[in-house]
Amino acid sequence: MNIETITARTFRHKTSMVRDSDGHGHPGPESDTTSGLLTITTDDGHQGHVVTRPQDMAEPLLDRFVRPNLIGQDPLCTEQLWYKVYKWQRLGGGLLTDRVLAAVDLALWDLKGKVSGQPVWKLLGGARPRILAYGSTMCGDDLENGLATPEDYARFADWMVNTRGYKAVKLHGWMPPMPGAPDPKKDYQACAAVREAVGPDVPLMLDPHHFYSRTEVLWLANKLAELDFRWMEEPMEEASMSSYKWLTQNTPLNILGPETMTGKHWTRAEWVKHDACDIVRAGVWDVGGISPAMKIANMAECFHMSTEMHGTGAGNLSVALAIHNTSFYERGLLHPFIDYDAPKEYQNRIDDEMDAEGYVHGREDPGLGQDLNMDYIEGNLVNA
């Protein structure tokens, strides 16, 4: 059995999210958008899929970096195949991003699950059949009854915990270009309002503005420690690892990182070695796929550190279910005006259905556990 074809198809669907000038997502009027489906097929007909951005599977990228390294190869050798593609990053002129590498790796793991007849979370180790999710909000906005005020955050957090069933909540604060942002005092006011709304026993976290100064961050971190927050993530430019080492030494609050810093598992190992974080951050789309994310988790476990997965989706859920040293699955991004539980047009169900007790369960379906509406995708192809 060998890989025979690698195909990329772009399809249309509806979205109710818009992005501001800095790239943050907010609720908006329904509009048309496109996504991509990357498919890896073997010579005996097995297929692995992943939904990604169209630019992550552009034909020139596939022709130059992916197809020459994968076609004709054994799809079960995911470690070998990841390295064959990854090594082209050095001379790829910056075109072969970690997101491209992640899309290929996720499709390979989905294929590996389909071939073996097993869910990926079990193939990776299967540490648990279910995991608690934390509700992860969208960034703050200026929408009436949205996430425009600390009181809005408090009201929404109360709904998440006491109605929807989340056992933990993470806030994303106000980011530019929102008027007045960034403002550490306003971020703190939202955190304080949420703590009062949900009580002392619900774990809370904050993802604030990513470019605060040391003085702003230290003040905010110590105030969050007083509120018994569980962690804060990426409050400064992550290229300055020494700033994070300084921060972890000067606040009792747990600092989570790095989130978006390049370098995959190698960078995370350096942060651990230099005591620049208390909890390690890994997301399959940030670090180049499931394969490096598992390396990060195993490395962190050697130092008795937790690895918290960044972002939603079948890949991150598979890793979270596979490892012992993680606390939650990140479920979001959530907003009062968005029905997160409603499947997209190209889904028969969402990847991470949550029960009334706040748990997301690993599915027994082979592969990543996606349930894609292939008829919809085929009927809405762009340039078909």
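The values are calculated or read from the model by the stated rules, or taken from the named source; none is laboratory data. Being a predicted model, the structure only gives us computed values, none of them experimental. Methodologically, a virtual Cβ is constructed for each residue, glycine included, from the backbone with ideal geometry; neighbour enumeration extends over all protein chains shown. Surface accessibility is based on the protein's heavy atoms, side chains included, excluding ligands, DNA and RNA. Shrake-Rupley method; radii C 1.70, N 1.55, O 1.52, S 1.80 Å.
In the range 1-39, the residue that is farthest from residue 332 (Cα to Cα) out of those that are of a type in the set (Val, Ile, Thr) and touching a His at 6+ places or on another chain (Cβ under 8 Å) is 39. State whether the residues of the range 46-57 include one that is open to solvent by 20 Å² or more (accessible area, probe 1.4 Å), charged (D, E, K, R) and either without any contact (Cβ under 8 Å) to a residue 12 or more places away in the chain or touching a helix residue (DSSP H, G or I) at 6+ places or on another chain (Cβ under 6 Å) (or both). No, the range 46-57 contains no residue that is open to solvent by 20 Å² or more (accessible area, probe 1.4 Å), charged (D, E, K, R) and either without any contact (Cβ under 8 Å) to a residue 12 or more places away in the chain or touching a helix residue (DSSP H, G or I) at 6+ places or on another chain (Cβ under 6 Å) (or both).
Each residue in the range 132-158 was checked for being farther than 12 Å from residue 174 by Cβ, surrounded by 22 or more Cβ atoms within 10 Å (Cβ to Cβ) and either without any contact (Cβ under 8 Å) to a residue 40 or more places away in the chain or in contact with a helix residue (DSSP H, G or I) (Cβ under 8 Å, 6 or more places away or on another chain) (or both), and 2 pass.
Looking only at the range 229-261, residues that are over 18 Å from residue 305 (Cα atoms), open to solvent by less than 30 Å² (accessible area, probe 1.4 Å) and part of a loop (DSSP other than H, G, I, E, B) come to 3 in all. If I filter the range 310-320 for residues that are in contact with a Leu (Cβ under 9 Å, 6 or more places away or on another chain), of a type in the set (S, T, N, Q), open to solvent by less than 40 Å² (accessible area, probe 1.4 Å) and more than 22 Å from residue 112 (Cβ to Cβ), do I get at least one hit? No, the conditions are met nowhere in the range 310-320. Helices (runs of 4 or more DSSP H) fully within the range 278-384 that include at least 2 residues being touching a Gly at 6+ places or on another chain (Cβ under 8 Å): 284-287, 290-302, 314-322. Inside the range 188-228, can you point out the residues that are farther than 24 Å from residue 133 by Cα, open to solvent by less than 20 Å² (accessible area, probe 1.4 Å) and either in a helix (DSSP H, G or I) or without any contact (Cβ under 8 Å) to a residue 24 or more places away in the chain (or both)? Scanning the range 188-228 gives 217, 220.
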